[in-house]
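Structure first, commentary second.
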Ligand SMILES: Cc1ncc(COP(=O)(O)O)c(C=O)c1O
C-alpha cells in the first residue's frame, strides 16, 4: 500500500506559505493524481489552506470539481481539443498558449451564454514546451483585446532550470518574462494573477513569486535539489508491503529470473508482493534495499512484475506477515524517494507518478 500522510501535506503548505509570506497564494499542483498521492484526497485535505489547484488535463480538473472541490482550478496543460465547453461548464481556468483557443473559448462562452471566460496566458520564456513566444506575443494580446467574450485574468510561465546550481538560465527567463509583462501592460491589459514559480523557484528566487506560486514536489515533502532546499518539509508518502513467503537457501542458490543473484552464504529470502507493475521499477534491480525489522536489507535478484525478494538473513526475527518498507521510515532507518530515484536512474517526481493504480492509497492524518 501507499500510505499518504495528509497532515504532512498540510504541514508542507505551512512551510511553503511561510516561505512566500501572506501576500502570495499557493496554487497547489495536483496534476498526475497529485504525483500519485491521490488528487481528490489531497485537494480535500488542502482546500482550506491553499488559493487553488493546478492540474494538467481538463479531465483532472473535472474529477476535482465532481469530487466537490470549489477552489479555483487552473488547467496547465493547454490542450483543449473539443473540451472548451467542459472547461467553462466545470468552472476551470484554462491556461492558453495558442491563438486558436482564444476564439474557441469565446465561441463556447457565447453558445453557453456563459459571460466572459477568464483565461491565463502562458509565455514561453525559454522552456520551449508551451506558451507564446515573445515574437508572437503582441499578436496574441491584440487577439485577446479584440475578443470581448474572453478576459485575461492571469499571466504565467515556467522555469526550466530553477533547481540547477547555475541561476543564470532562470534569471534570463525571468528577464524575458519581465519584457512580456511590459508588453501586456502596453496592450492595456492588467491580469490580476501572475504565476511562474515551481517548488525550486519558490524557495530560491524571491522575484519569481508574484501573486501565486505553483509548487508540486515540495507539497509532497521533497526538495528538487540541494540548491533549492526548504527546511522542515515532511515526506507524505510511504510504500509498504508484507512478507508473504520465506525460504531458507543454501550457499550457491539463485534468486529470481535469470539467476542474477547468487547467495554466498546460507540465506533467508522473503518474498514481498510488490513489483514493477506496482511502480517498483525493475530498473532498481541490483541496487534497491528495503526495510525489515528496522534494518536495511538488499532486494535480491531481478524485481519481477508482481513481487520482489528481500534478503532477510540478518533479521533473525523476520516472519511471515512482517511489514516491509520500500519507501519511508521503519525503526530508525529511512529510504527516501531520492534514493529510489538514484537506484532507478530517474528523478523523485517519476518515482511518485510511477506508483501504479493497483497499489491501494491509504490516508492517515485526515483530522485537523
Ligand atoms: C507548469 C508546471 N508548473 C509547476 C510544476 C510543479 O513543479 P514542481 O513539482 O517541481 O514543484 C510543474 C511540474 O511539472 C509544471 O509542469
If each of residue 254 and residue 149 carries a label point 7 Å out from its Cα toward its Cβ, how far apart are those two points in nm? 6.7
Fluctuation leader among 145, 29, 310 - the chain, Gaussian network, Cα springs under 10 angstrom: 145
For the chain, radius of gyration divided by Kirkwood radius, i.e. Rg to Rh on alpha-carbons: 1.06
Just to be sure I understand the curve: with the Debye formula and one point per C-alpha of the range 2-219, what is log10 I(q)/I(0) at q = 0.09, 0.11, 0.12, 0.16 Å⁻¹? -0.34, -0.51, -0.61, -1.09
Length-normalised contact order of the range 237-364 in % [C-alpha pairs under 8 Å, at least 6 apart]: 28
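Using only the Cα atoms, work out Rg/Rh for the range 234-368, with Rh taken as the Kirkwood radius, to two decimals. Present the calculation step by step, with values, prior to reporting the outcome.
On the way: Rg = 14.6 Å, Rh = 15.1 Å.
Checking Rg against Rh, the ratio lands at 0.97.
For residue 266 and residue 346 in one chain, what is 0.36 nm times their gap in residues minus the Cα-Cα distance, to one decimal in nm?
Working: separation 80, 0.36 × 80 = 28.80 nm, distance 3.39 nm.
Gain in length upon complete extension: 25.4 nm.
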Along Cα→Cβ, 7 Å out, is where each label goes; now give me the distance between the ones at residue 245 and residue 167 in nm to one decimal. 5.6
Comparing 267, 218, 180, which has the greatest mean-square fluctuation in the GNM of the chain with Cα pairs linked when under 10 Å apart? 267
Report P(r) for the range 9-134: all Cα-Cα distances, bin width 5 Å, range 0 to the bin holding the largest distance, values in whole percent. 2, 11, 20, 20, 19, 16, 9, 3, 1
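Residue 82 to residue 113: extension gain in nm, 0.36 nm per residue of separation minus the Cα-Cα distance? Please report the intermediate quantities before stating the final value.
On the way: separation 31, 0.36 × 31 = 11.16 nm, distance 1.79 nm.
So the extension gain works out to 9.4 nm.
Just for the range 2-219, what percent of DSSP beta bridges are antiparallel, to the closest 5? Intermediate values should be presented prior to the final figure.
Details: 0 of 23 bridges.
Antiparallel bridges make up about 0 percent of those DSSP assigns within the range 2-219.
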Out of 279, 252, 77, a Gaussian network model of the chain with alpha-carbon springs under 10 Å gives the largest mean-square fluctuation to 252
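With each run of n ≥ 4 DSSP H residues scored as -39500 (n - 2.57), what mean residue ellipticity at 222 nm is computed for the chain after dividing by its residue count and rounding to the nearest 500 deg cm²/dmol? Before the final figure, lay out the partial values.
Details: 11 runs with 109 residues, N = 368.
Theoretical 222 nm ellipticity from helices: -8500 deg cm²/dmol.
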DSSP beta bridges in the chain [antiparallel fraction, %, rounded to 5]: 50
Can you tell me what share of the DSSP beta bridges in the range 1-122 is antiparallel? A percent to the nearest 5 is fine. 0
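So if we plug the beta-carbon distance of residue 1 and residue 336 into 1/(1 + (r/R0)^6) with R0 = 25 Å, what FRET efficiency do we get, rounded to 0.05? Present the calculation step by step, with values, prior to reporting the outcome.
Numbers: r = 18 Å, r/R0 = 0.71.
Calculated value: 0.90.
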Using a Förster distance of 30 Å, the FRET efficiency for residue 366-residue 296 (Cβ separation, nearest 0.05): 0.45
Measure out, as a whole number of angstrom, how far apart the alpha-carbon centroids of the range 154-195 and the range 2-78 sit. 23
Round to the nearest 10 and give me the degree value, 0 to 90, for the angle of helix 168-186's Cα axis relative to the longest principal axis of the chain. 30
Assuming R0 = 45 Å, can you tell me the calculated FRET efficiency for the pair residue 319 and residue 134, based on Cβ-Cβ distance, to the nearest 0.05? 0.10
Could you give the length gained on full extension between residue 329 and residue 305, defined as 0.36 nm per residue of separation minus the Cα-Cα distance, in nm? 6.2 nm
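Every number in this text was worked out from the coordinates using simple rules, so none of it is lab data. The structure displayed is predicted, hence computed values, not measured ones. Neighbour counts run over all protein chains shown; Cβ positions are idealised from the backbone, glycine included.
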